[in-house]
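Asker: Pasting in a structure now, in structure tokens, and then I'll have a few things to ask.
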Amino acid sequence: MLSIKDLHLNFGTLEVLKGIDLNIEKGKVIVVIGPSGSGKTTLLRCLNVLETPSKGILEINNQKMNFSEKVQRKDISAIRRQTGMVFQTYNLFPHLTALDNVMEGPVTVQKRKKSEVQPQAVELLTKVGLGDKVDYYPYQLSGGQQQRVGIARALAMNPEVMLFDEPTSSLDPELVGEVLQVMKQLAKEGMTMVIVTHEMNFAKEVADEVLFMDGGHILERGHPEKVFSHPKNERARQFLNLLNE
Ligand SMILES: Nc1ncnc2c1ncn2[C@@H]1O[C@H](COP(=O)(O)OP(=O)(O)OP(=O)(O)O)[C@@H](O)[C@H]1O
Ligand SMILES: [Mg+2]
């Protein structure tokens, strides 16, 4: 359902992704770990074509892009429609209520009727546990609640794959659980997800596979128990030792 072949990305002279190959089957949950600067965010941004790789092939749900050829705008939009992204900071519109934040994409991007979108948006907010907060503005919501609105907002576009970039890392510890809970529920419902996170217990419980990235390469991948307990790669071993300290 999602495949990447030999993906390269440069920022100027700095090569940040150095040939990434990855296949993800429908319904699988992939957790990406790795040191700061290893290219995790950049990889997610490539999946959403927020960055344009210099080379490589990306295919999501039969929409294919070859970055060695000239990139067509219509292909970018077609790929983007397949993915929903949740960022580290919530990026909600401060002047819109939770409900309007969730409705924004479907109404302005997908040009759908407000009357049709509204009940779905209420349903999504209810699903993330915010059915009683639909009329609240972001400043009236806690960080965990704002992040759950962010998840509902991404889901409103009906993506095939959800991409999460350290969705809990800017939250107070007591708010982390409620966001992970929503993500666990999505996993259970069969959503395909790629998640950058260092929440090891979550990864052990939910991930089908863990990828360890360093220096723009995927150096190790496998079942979470295996990667966490017996990493084969020396860099992965060092990194996991640091995380466990
Ligand atoms: N827009 C940009 N312009 C230039 N360099 C960038 C840009 N975005 C990222 N980089 C560089 O690319 C490399 C990978 O960055 P990236 O954000 O993907 O790392 P990361 O693994 O997500 O790190 P972290 O764990 O700190 O979030 C870093 O060296 C970073 O400085
Ligand atoms: Mg990052």
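The values are calculated or read from the model by the stated rules, or taken from the named source; none is laboratory data. A quick note: this is a predicted structure, and the numbers were derived from the prediction, not measured. Methodologically, a virtual Cβ is constructed for each residue, glycine included, from the backbone with ideal geometry; neighbour enumeration extends over all protein chains shown. The accessibility values were calculated without ligands, DNA or RNA, using every heavy atom of the protein model including side chains. Shrake-Rupley method; radii C 1.70, N 1.55, O 1.52, S 1.80 Å.
Asker: What number goes with the only condition from (1) aliphatic (A, V, I, L, M); (2) farther than 23 Å from residue 92 by Cα; (3) in contact with a helix residue (DSSP H, G or I) (Cβ under 7 Å, 6 or more places away or on another chain); (4) open to solvent by 10 Å² or more (accessible area, probe 1.4 Å) that residue 218 does not pass?
Answerer: (3)
Asker: Is it the case, given these coordinates, that residue 59 is acidic (Asp, Glu) and within 16 Å of ligand 1 (Cβ to nearest atom)?
Answerer: On the way: acidic (Asp, Glu): yes; within 16 Å of ligand 1 (Cβ to nearest atom): no.
So residue 59 fails the test.
Asker: Among all residue pairs at least 6 apart or on different chains, which show Cβ distances below 6 Å where the first residue, located in the stretch 124-138, is in contact (Cβ under 8 Å) with a residue 40 or more places away in the chain and the second is of a type outside the set (D, E, K, R)?
Answerer: Qualifying pairs under 6 Å: 128/151; 128/152; 128/182; 137/97; 138/92; 138/94; 138/146.
Asker: For residue 154, indicate whether it is closer than 30 Å to residue 211 by Cα and either modelled with pLDDT under 95 or more than 16 Å from ligand 2 (Cβ to nearest atom) (or both).
Answerer: On the way: closer than 30 Å to residue 211 by Cα: yes; either modelled with pLDDT under 95 or more than 16 Å from ligand 2 (Cβ to nearest atom) (or both): yes.
Judged against the criteria, residue 154 is a match.
Asker: Please go through the stretch 113-132 and give me each residue that is open to solvent by less than 50 Å² (accessible area, probe 1.4 Å) and more than 27 Å from residue 175 (Cα to Cα), ordered by number.
Answerer: Passing the criteria: only 117.
Asker: Considering every residue within the stretch 34-48, establish whether at least one is within 16 Å of ligand 1 (Cβ to nearest atom) and in contact with a Pro (Cβ under 6 Å, 6 or more places away or on another chain).
Answerer: If we filter the stretch 34-48 for residues that are within 16 Å of ligand 1 (Cβ to nearest atom), which is where we start, we get 34-48.
Now narrow it down to the ones that are in contact with a Pro (Cβ under 6 Å, 6 or more places away or on another chain): 46.
Yes, some residue in the stretch 34-48 is within 16 Å of ligand 1 (Cβ to nearest atom) and in contact with a Pro (Cβ under 6 Å, 6 or more places away or on another chain).
Asker: Those residues that are open to solvent by less than 30 Å² (accessible area, probe 1.4 Å) and part of a helix (DSSP H, G or I), I need them from the stretch 164-187; list them, please. I'd like the intermediate steps shown before the answer.
Answerer: Quick first cut of the stretch 164-187, residues open to solvent by less than 30 Å² (accessible area, probe 1.4 Å) only: 164-165, 167-168, 171, 176, 179-180, 182-183, 186-187.
Listed by number, the residues that qualify are 176, 179, 180, 182, 183, 186, 187.
Asker: Among the residues of the stretch 2-35 satisfying the criterion of being in a loop (DSSP other than H, G, I, E, B) and within 16 Å of ligand 2 (Cβ to nearest atom), which is farthest from residue 190 (Cα to Cα)? Give the steps one after another, and end with the answer.
Answerer: So the first thing to find is which residues in the stretch 2-35 are in a loop (DSSP other than H, G, I, E, B), and the list is 12-13, 25-28, 34-35.
The next check asks that each one be within 16 Å of ligand 2 (Cβ to nearest atom); those that pass are 34-35.
Numbers: 34: 25, 35: 29 Å.
Here the answer is 35.
Asker: Out of the residues in the stretch 73-98 that are within 16 Å of ligand 2 (Cβ to nearest atom) and not in a loop (DSSP other than H, G, I, E, B), state the one that is most open to solvent (accessible area, probe 1.4 Å). Give the steps one after another, and end with the answer.
Answerer: The initial filter retains those residues of the stretch 73-98 that are within 16 Å of ligand 2 (Cβ to nearest atom), namely 85-91.
Still in the list and also not in a loop (DSSP other than H, G, I, E, B): 85-86.
Working: 85: 20, 86: 3 Å².
Across the stretch 73-98, the extreme among qualifying residues is 85.
Asker: Now, a different point. Can you find even one residue in the stretch 178-185 that is touching an Asp or Glu at 6+ places or on another chain (Cβ under 8 Å) and within 16 Å of ligand 2 (Cβ to nearest atom)?
Answerer: Taking the stretch 178-185 and keeping what is touching an Asp or Glu at 6+ places or on another chain (Cβ under 8 Å), we get 180, 184.
If we keep only those that are within 16 Å of ligand 2 (Cβ to nearest atom) as well, we get none.
No, there is no match, as no residue in the stretch 178-185 is touching an Asp or Glu at 6+ places or on another chain (Cβ under 8 Å) and within 16 Å of ligand 2 (Cβ to nearest atom).
Asker: Can you pull out every residue in the stretch 29-48 that is farther than 20 Å from residue 81 by Cβ and open to solvent by 30 Å² or more (accessible area, probe 1.4 Å)?
Answerer: If we filter the stretch 29-48 for residues that are farther than 20 Å from residue 81 by Cβ, which is where we start, we get 29-42.
Correct list: 36, 37, 41.
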